[in-house]
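Student: If you scroll down you'll find the structure; I have some questions about it.
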Amino acid sequence: MIAPSILSADFARLAEEAAAVDGGAGGADWLHVDVMDGHFVPNLTIGLPVVQSLLSCTDTPLDCHLMIEDPDRWAIGYAEAGAYNVTVHVEAAKDPVALAANLRAAGAKAGLSVKPDTPLEPYLDVLRHYDTLLVMSVEPGFGGQGFIPHVLDKVRTARRLVDTGQLTVLVEIDGGINDDTIEAAAEAGVDCFVAGSAVYGADDPAAAVRRLRAKAELMSGRHGEGEK
Ligand code: DX5
Ligand code: ZN
């Protein structure tokens with residue numbers, strides 16, 4: 001799956017930018033929406049009113065990535081508005097198990113994100129309550145940063161736990177995904193790839209989505225081959 005991040009789109013033309021990557025076969029699977037509060041991360045973007053407006057102008061499921069403090073208080077609104085997947089940061093959530101239950105009860109998938117240096121192991125029990133694991137492959141806050149390869153160790157761990165039935169999360173990666181990095185991420189076992197600058201920085205965003213998916217498909221299914 002490919003989830004273009006509108007962080008790299010033109011915020012004054014969001015409806016058109018969403019339409020540029022949707023449209024049936026080969027289009028975006030999800031539209032990734034980066035919500036930043038200027039506190040959890042040193043950047044400020046958009047919030048619930050813009051997400052509500054986006055929901056009314058696109059059929060592409062919205063993947064809301066909340067880089068905010070106190071998600072226990074604020075995340076539910078995105079689920080109630082109709083976001084398909086609502087992801088919160090484990091570093092910010094006070095009671096992530098209750099939060100996941102609330103998001104699911106409001107009709108959304110619940111996502112949990114880890115920053116590049118946050119280990120997975122302390123959160124494996126928490127992850128059993130979640131639908132999506134978002135592995136950050138840059139420090140959250142800005143688009144266009146370089147991919148941090150060591151996070152692929154966490155992807156491989158999550159992939160192994162999913163493949164052996166110990167977790168049921170979809171494994172998503174976010175940050176620095178482009179034509180040069182997507183194959184390594186796919187080989188490590190990623191299911192869903194967020195790409196901001198690689199999609200919206202391209203002359204033809206829809207073609208960029210198709211090209212990224214084709215590259216990922218070439219490598220997917222190869223994870224674990226060297227371990228057997
Ligand atoms: C960064 C955001 C990402 C960002 C990725 O904090 O979470 O979703 O848009 O941008 P690229 O793909 O340019 O690294
Ligand atoms: Zn994001």
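Student: Determine ³J(HN,Hα), in whole Hz, for all residues of the stretch 103-112 in sequence, where each value follows from phi through the Karplus function 6.51 cos²θ - 1.76 cosθ + 1.60 and θ = phi - 60°; x replaces Gly and Pro.
Tutor: Rounded to whole hertz, the list is 5, 5, 5, 7, x, 9, 6, 9, x, 10.
Student: Here is a follow-up. Using amide H atoms built 1.01 Å from N in the peptide plane, name the residues 5+ places from D22, or on other chains, whose amide H lies under 5 Å from its own.
Tutor: Those qualifying (amide H under 5 Å, at least 5 residues apart or on another chain) are A28.
Student: Sticking with this one: In the full protein assembly as shown, how much of H129 is accessible to a 1.4 Å probe, in Å² to the nearest 10?
Tutor: Answer for H129: close to 80 Å² accessible.
Student: Using Cα-only point scatterers and the Debye equation, what is log10 of I(q)/I(0) for the chain at each q in 0.08 Å⁻¹, rounded to two decimals?
Tutor: Relative scattering, expressed as log10 I(q)/I(0), comes to -0.25.
Student: Averaging the inverse of every distinct alpha carbon separation and then flipping it gives the Kirkwood radius. What is it for the stretch 1-67, in angstrom units?
Tutor: 12.1
Student: Quick one: 3J(HN,Hα) in Hz for the stretch 3-8, Karplus 6.51/-1.76/1.60 with θ = phi - 60°, rounded, Gly and Pro as x.
Tutor: With the stated coefficients, the stretch 3-8 comes to 10, x, 9, 6, 4, 9 Hz.
Student: For L62, list long-range residues whose amide hydrogen, built 1.01 Å from N in the peptide plane, is under 5 Å from its own amide hydrogen.
Tutor: L31, Y84, N85
Student: For the stretch 151-157, what does the Karplus curve 6.51 cos²θ - 1.76 cosθ + 1.60, with θ = phi - 60°, yield as ³J(HN,Hα) per residue in whole Hz, taken in order and with x for Gly and Pro?
Tutor: 5, 5, 4, 5, 4, 5, 4
The values are calculated or read from the model by the stated rules, or taken from the named source; none is laboratory data. Only a predicted model underlies this, so the values are computations on that prediction, with no experimental measurement involved. All accessible areas refer to the heavy atoms of the entire protein, side chains included, with ligands and DNA or RNA removed. Shrake-Rupley method; radii C 1.70, N 1.55, O 1.52, S 1.80 Å.
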